[in-house]
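Notes follow once the structure below has been shown.
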Amino acid sequence: MLVLSSSTPPVLELLKDRVSSSSAASSSAFSSVVLRRSFFTRKLISGIKRESETGRLPKGVTAAVEELFHYYRNAVLTSGISNADELVLSNMKTMLYFVLMDMEDPFVFPPYHKAIREPIDYYSFGQDYIRPLIDFGNSYVGNITLFHEMEEKLQQGHNIILMSNHQTEADPAVIALLLEKTNSLIAENLIYIAGDRVVTDPLCKPFSMGRNLLCVYSKKHMHDVPELVDAKKRANTRSLKELALLLREGSKIIWIAPSGGRDRPDAVTGEWYPATFDVTSVDNMRRLVEHSGAPEHIYPMALLCYDIMPPPAQVEKEIGEKRVISFHGVGLSVEPEIKYSDISFGCENEIEAKAAYAQALYASVKEQYKVLNAAIYEKQGSGASTMATSLSQPWTS
């Protein structure tokens with residue numbers, strides 16, 4: 001639980017009193033809920049503006065926080081959760097407190113960042129913030145037994161690589177929330193290869209501080225600022241060295257999106273699909289883990305969660321994107337590991353083998369994604385399972 005100090009910002013002092021339950025008749029209770037929501041919304045917004053007027057919160061960040069609050073509130077209220085009002089206010093005031101803290105004393109992420117769990121548990125904060133956005137009744141995990149298999153391998157000192165598509169800034173929380181009851185070892189120890197935007201955006205940083213991250217600059221943003229290209233390349237080199245050292249220790253599980261960024265909908269049909277894997281990214285990771293000295297396993301993973309927090313339609317250079325949030329079902333799936341030796345056998349040369357391996361991983365992700373889409377968006381539920389992808393809701397057992 002977050003403890004507010006005597007130096008707590010004014011906006012949080014306004015919100016110390018929690019919403020109390022009402023014992024009035026149903027008609028008056030409904031009116032009371034409406035009044036409470038309106039009252040606390042006004043207090044939060046006025047508090048945000050006050051922080052802006054004092055200069056503690058830059059105007060651009062002020063607008064972004066206000067916008068985020070409205071989208072987040074509407075999404076959580078849509079969920080039908082009984083304590084939705086309390087959750088919104090508690091989570092938003094905590095997030096705002098973290099943003100203000102970082103404005104006063106900016107946190108700088110090292111090449112390899114370990115999740116901060118104390119004295120403030122940023123991991124739990126991220127979990128609590130995203131949890132009410134997930135419709136667990138319409139969410140599924142594919143091949144849960146493979147996650148059990150991964151945990152056994154990790155305990156034996158093996159390294160695991162998850163080659164995945166990437167959909168939203170909330171991906172780490174979605175993965176952890178779907179696995180927290182059955183596979184907490186993975187949920188809490190997964191290391192994410194993360195782009196620079198999630199460690200520089202003021203609204204992202206509190207969430208990123210609660211995850212294990214290897215910070216790299218994506219090819220898509222490498223040349224956004226020409227004079228910083230060399231510095232970015234040097235930073236990436238440092239991160240790769242850190243990754244190599246981590247893999248040599250063994251018992252590491254790494255998540256990477258070889259596409260280099262988040263998926264985007266088709267410009268014509270509007271349909272979402274996993275972005276193509278970059279052959280070089282896949283091969284670099286494969287070679288790193290193969291040379292670690294520990295047994296290695298590379299699994300194809302599919303994520304479907306774009307409606308929770310979809311990215312902008314186009315890749316943006318500027319930090320501070322608009323965040324539209326909604327309550328929706330999500331999906332996560334993995335299929336058996338794919339060995340490079342199995343795919344490269346019969347290829348005429350190394351170039352062909354590398355491309356074939358990246359394509360094999362990507363093809364598996366696409367097929368798993370189709371199954372998740374049928375379960376969630378076509379309302380087929382676990383009936384969408386195939387011979388290769390068995391869907392379940394492990395949090396219900």
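Once a ≥ b ≥ c are taken as the square roots of the eigenvalues of the Cα gyration tensor of segment 129-266, is the result rounded (a/c under 1.5), prolate (a/b larger than b/c) or oblate (a/b not larger than b/c)? Here segment 129-266 falls in the oblate category.
Solvent-accessible surface of protein heavy atoms, probed at 1.4 angstrom with all chains present, puts LYS205, LYS339, LYS370 in the order LYS370, LYS339, LYS205, largest first.
Test of the criteria: in segment 224-286, which GluC sites (Glu not before Pro) are in a DSSP loop and have at most 15 other Cβ atoms within 10 angstrom of their Cβ? Let's see the in-between values first.
Numbers: sites: GLU227, GLU242, GLU249, GLU271; in loops: GLU271.
When the GluC sites (Glu not before Pro) of segment 224-286 are filtered for loop state and at most 15 Cβ neighbours within 10 Å, GLU271 remain.
Surface listing: SER341, SER90 arranged by accessible area from highest to lowest gives SER341, SER90, probe 1.4 Å. Within segment 33-104, the proportion of Cα pairs with more than 15 Å between them is 53 percent.
Taking loop as defined by DSSP and a crowding limit of 11 other beta carbons within 10 Å, which GluC sites (Glu not before Pro) in segment 286-392 fit? It would help to have the intermediate numbers written out before the result.
On the way: sites: GLU290, GLU296, GLU316, GLU318, GLU321, GLU337, GLU348, GLU350, GLU352, GLU367, GLU378; in loops: GLU316, GLU318, GLU321, GLU337, GLU348, GLU378.
Loop-located and lightly packed - GLU318, GLU348, GLU378.
For LYS153, the accessible surface of its heavy atoms amounts to roughly 40 Å² (probe 1.4 Å, protein chains only, rounded to the nearest 10). Taking every protein chain into account, the 1.4 Å probe leaves CYS215 with about 20 Å² of accessible area, to the nearest ten.
Of the cross-linked pairs LYS93/LYS181; LYS114/LYS205; LYS241/LYS366; LYS205/LYS366, which ones have a Cα-Cα span greater than 21 Å in the structure shown? In this structure, LYS93/LYS181; LYS241/LYS366; LYS205/LYS366 exceed 21 Å between Cα atoms. Here the Kirkwood formula, the inverse mean of 1/r across different C-alpha pairs, assigns segment 112-392 a hydrodynamic radius of 19.2 Å.
Across segment 165-288, the relative contact order, built from alpha-carbon pairs under 8 Å that are at least six residues apart, equals 28 percent. Across segment 70-196, the mean sequence separation of Cα contacts (distance under 8 Å, 6 or more residues apart), normalised by length, yields a relative contact order of 20 percent. Summary of the geometry: segment 48-62 and segment 106-170, compared by the centres of their Cα atoms, lie 32 Å apart. Classified by the C-alpha gyration tensor, segment 98-141 has a prolate form. Its axis ratio a/c, with a ≥ b ≥ c, is 1.5 or above, and a/b is larger than b/c.
Give the relative contact order (percent, whole number) for segment 112-392; include only Cα pairs under 8 Å separated by 6+ residues.
28
For ILE253, the residues whose modelled amide H falls within less than 5 Å of its own, excluding neighbours fewer than 5 places apart on the same chain, are ILE160, ILE191.
Figure note: PHE345, PHE69, PHE107 ranked by solvent-accessible area, largest first, 1.4 Å probe, ligands and nucleic acids not counted: PHE345, PHE107, PHE69.
Between the listed residues ASN284, GLN156, VAL216, the Cα displaced farthest toward the positive end of the dipole of segment 112-392, a dipole computed from Cβ unit charges relative to the Cα centre, is found at VAL216.
The values are calculated or read from the model by the stated rules, or taken from the named source; none is laboratory data. In this text the structure is predicted, and so the values were computed from the model without any measurement. Cβ atoms come from the backbone with ideal geometry, glycine included; neighbour counts cover every protein chain shown. Heavy atoms of the whole protein, side chains included, go into the accessibility calculation; ligands, DNA and RNA do not. Shrake-Rupley method; radii C 1.70, N 1.55, O 1.52, S 1.80 Å.
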